[in-house]
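The values are calculated or read from the model by the stated rules, or taken from the named source; none is laboratory data. What you see is a predicted model, and the numbers here were worked out from it, not measured in a lab. Neighbour counts are summed over all protein chains in view; Cβ atoms, including those assigned to glycine, are modelled from backbone coordinates with ideal geometry. Side chains are part of the model used for accessible areas, which takes the heavy atoms of the whole protein and leaves out ligands, DNA and RNA. Shrake-Rupley method; radii C 1.70, N 1.55, O 1.52, S 1.80 Å.
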Amino acid sequence: QFRSTDVQDLLAHTKKLSEVSAEDFDAVFYPGGHGPLWDLTNDKNSIELIQNFWKAGKPVAAVCHAPSVLLNVKDENGDALVKGKKVTGFTNTEEEAVQLTNVVPFLLEDELKNKGDIYSKKEDWASYVVKDGLLITGQNPASSEEAAKELLAVLKK
């Protein structure tokens with residue numbers, strides 16, 4: 001249970017993406033929710049941050065709708081970071097189940113496939129995490145804990 005002083009303390013330590021450096025952290029983890037589809041997919045600070053983590057050989061993790069933050073990230077060769085990599089993310093059928101197919105700016109499953117990745121999924125709402133080297137993605141909210149554990153396992157190596 002949070003006290004108001006806890007929330008104030010958390011907010012006091014909140015930084016803008018433009019103020020965050022990959023040098024200061026061992027990994028980056030993007031949680032899900034629909035928000036990243038609108039505000040982080042094309043955000044130059046987010047894209048640059050992920051590219052810096054990747055260039056430094058640090059893990060990048062994203063769950064649910066958050067793999068959308070990877071769509072415009074380039075690797076060291078200028079190719080889409082996800083091209084040829086195994087990934088997952090919120091499925092078209094899960095989006096349909098929450099009746100937001102016509103609300104979201106794009107369907108994540110389709111956009112990930114369009115980037116040339118190796119997209120896979122389990123049945124709707126099942127926990128499912130895909131790890132491809134230092135890239136970790138989770139299919140939906142049920143995958144959050146497993147994705148976090150996978151990230152921690154990578155960091156312990």
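A few comments on the model shown:
- Any hit, region 92-103, residues being small (G, A, S), within 26 Å of V154 (Cα to Cα) and modelled with pLDDT of 95 or more: no
- Selection within region 69-81 - assigned to a loop (DSSP other than H, G, I, E, B), under 11 Å from W54 (Cβ atoms) and open to solvent by less than 40 Å² (accessible area, probe 1.4 Å): V73, D75, L81
- Condition met for N45 (modelled with pLDDT of 95 or more and either open to solvent by 40 Å² or more (accessible area, probe 1.4 Å) or touching a helix residue (DSSP H, G or I) at 6+ places or on another chain (Cβ under 9 Å) (or both)): yes
- Within region 107-134, being outside any helix (DSSP H, G or I), more than 12 Å from K83 (Cα to Cα), touching a Lys or Arg at 6+ places or on another chain (Cβ under 9 Å) and not β-branched (V, I, T) holds for S120, Y128, K131, G133, L134.
- Going through (1) in a loop (DSSP other than H, G, I, E, B); (2) under 18 Å from A142 (Cα atoms); (3) open to solvent by 40 Å² or more (accessible area, probe 1.4 Å) one by one, F90 falls short only on (3).
- Conditions (1) in a loop (DSSP other than H, G, I, E, B); (2) open to solvent by 10 Å² or more (accessible area, probe 1.4 Å); (3) β-branched (V, I, T); (4) within 18 Å of V28 (Cα to Cα): number failed by V154: (1)
- For K122, the requirement of being in contact with a helix residue (DSSP H, G or I) (Cβ under 7 Å, 6 or more places away or on another chain) and open to solvent by 50 Å² or more (accessible area, probe 1.4 Å) is not met.
- Selection from region 133-150 of residues that are open to solvent by less than 60 Å² (accessible area, probe 1.4 Å) and in contact with a Ser or Thr (Cβ under 8 Å, 6 or more places away or on another chain): T137, G138, Q139, N140, A142, S143, A147
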